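Report on the following structure.
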Amino acid sequence: MENKLTQKAAYLLDMDGVIYRENYLIPGAHELIDMFQERDIPFLFVTNNSMPTQEDLVVKLGHLGIAGLRPDHFYTSALNTADFLRTVQPSSTAFVVGEGGIVSALRDANIPNDNFRPTYVIVGEGTPTIEKLNRAHELLERGARFVVTNPDNWCPVGAEKTRPGAGALAAYLEASAGARPYFLGKPNPFMYACACQRVLAKRPDLTLADVFMVGDTMETDIRGAVEYGLKTLLVLTGSTRYEDLANYVYQPTAVLQDVQQLAEAITAGRSLEAFAAQLEPSGEDFRARPSAERHQERAPDLHYKRARPAMTK
């Protein structure tokens, strides 16, 4: 394939920071997904958040104004964890420190819950009680293997507000029990292998060379895709600024302002090289655009009183 953004391609899309921020649709997201659906361009939302189910995400994006989505348009780190356990040890059992999506994914994969002698202790997003953490600690000390749905230490949930991520809970148990966790989700290449298999399942005319990862976070979205050999598109509506790129050894294939620019580029069949020459730090705030008021009255304004720690180790 030529080094262009074309309709003969498949797209993996991060969600928070690419499609929406908080409960606020980023301009261009609606148009991009509409174009994918109308022109039969394969796409898959890929998220590290293990809490929602696929059905939850259909409802969430529906409320934000993106209709016509199905559960199979979403792939979460919870599903990735279930796929991993089903692959490496189908007869395994699990003690779960997490809520919602991870519980549902393991149940659908026929991996039983085990509070006494599990094969794995699984950590995902949630608000566990100290009793639950103590039990996980005991099971790890007894020899249970330690798997975490994703390495994110924190996640933004609103203006001036974050929450601890699965990586932070894993660090607590790693320090107390001395067990070394294995992290799934992005940037683990297993996440990209499974996501690519899904997005290409019904398109035998496409290969891995036709897949683009669209993300906003260098540590997870871009790093994992680069390591798996995919083309990568960084958008600047999330956690990464243009000036931050100098801090990374690996680089995205192209940098775009937002998914609105991506939709326009796909329609025009623009080359990836064109973006490198035109993009400079503009200081433009996407939330100031008129279309940003479509689905939410107030745009999120993320300012933290202290510098955020690294998202992952």
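The values are calculated or read from the model by the stated rules, or taken from the named source; none is laboratory data. Because the structure is a prediction, the values reported are computed rather than measured. Because the Cβ atoms are built from the backbone with ideal geometry, glycine has one as well, and the counts that use them run over all protein chains shown.
Contact map, segment 208-235: residues that are within 16 Å of residue 262 (Cα to Cα) paired with residues that are part of a helix (DSSP H, G or I) and of a type in the set (Asp, Glu), Cβ distance under 6 Å, separation 6+ or inter-chain. Pairs shown: 215/221. Taking segment 165-207, which residues are charged (D, E, K, R), buried (at least 18 other Cβ atoms within 10 Å of the Cβ) and in a helix (DSSP H, G or I)? The answer is 198, and nothing else. Residue 146 falls short on exactly one of the conditions (1) crowded, with 20+ Cβ neighbours inside 10 Å; (2) in a strand (DSSP E or B); (3) touching a residue at least 60 places away in the same chain (Cβ under 8 Å), and that condition is (3).
Taking segment 236-252, which residues are surrounded by 19 or more Cβ atoms within 10 Å (Cβ to Cβ) and over 25 Å from residue 183 (Cα atoms)? Of everything in segment 236-252, those that are surrounded by 19 or more Cβ atoms within 10 Å (Cβ to Cβ) and over 25 Å from residue 183 (Cα atoms) turn out to be 236, 237. Counting residues in segment 25-35 that are surrounded by fewer than 22 Cβ atoms within 10 Å (Cβ to Cβ), in contact (Cβ under 8 Å) with a residue 24 or more places away in the chain and closer than 20 Å to residue 194 by Cα gives zero. Of the residues 166, 209, 179, the single one that is within 21 Å of residue 79 (Cβ to Cβ) and of a type in the set (A, V, I, L, M, F, W, C) is 166. In the set 227, 219, only one residue is modelled with pLDDT under 95, part of a helix (DSSP H, G or I) and under 16 Å from the mean Cα position of the chain (by Cα); that residue is 219.
Restricting attention to segment 64-74 and to residues that are touching a residue at least 24 places away in the same chain (Cβ under 8 Å) and surrounded by fewer than 21 Cβ atoms within 10 Å (Cβ to Cβ), the residue that is nearest to residue 111 (Cα to Cα) turns out to be 72. Every condition in (1) surrounded by 24 or more Cβ atoms within 10 Å (Cβ to Cβ); (2) of a type in the set (A, V, I, L, M); (3) not assigned by TED's automatic domain parsing to the domain that holds residue 232 holds for residue 214 except the one numbered (3). Scanning segment 80-104 for residues that are hydrophobic (A, V, I, L, M, F, W, C), in a helix (DSSP H, G or I) and touching a residue at least 40 places away in the same chain (Cβ under 8 Å) yields 84, 85, 102. Inside segment 2-24, residues that are closer than 18 Å to residue 209 by Cα and either crowded, with 19+ Cβ neighbours inside 10 Å or within 16 Å of the chain's Cα centre (by Cα) (or both) make up a count of 6. If the condition is being of a type outside the set (A, V, I, L, M, F, W, C) and closer than 15 Å to residue 16 by Cα, then segment 34-53 contributes 47, 48, 49, 50, 52. Taking the criterion of being exposed (fewer than 13 other Cβ atoms within 10 Å of the Cβ) and assigned to a helix (DSSP H, G or I), the residues of segment 109-133 that qualify are 130, 131.
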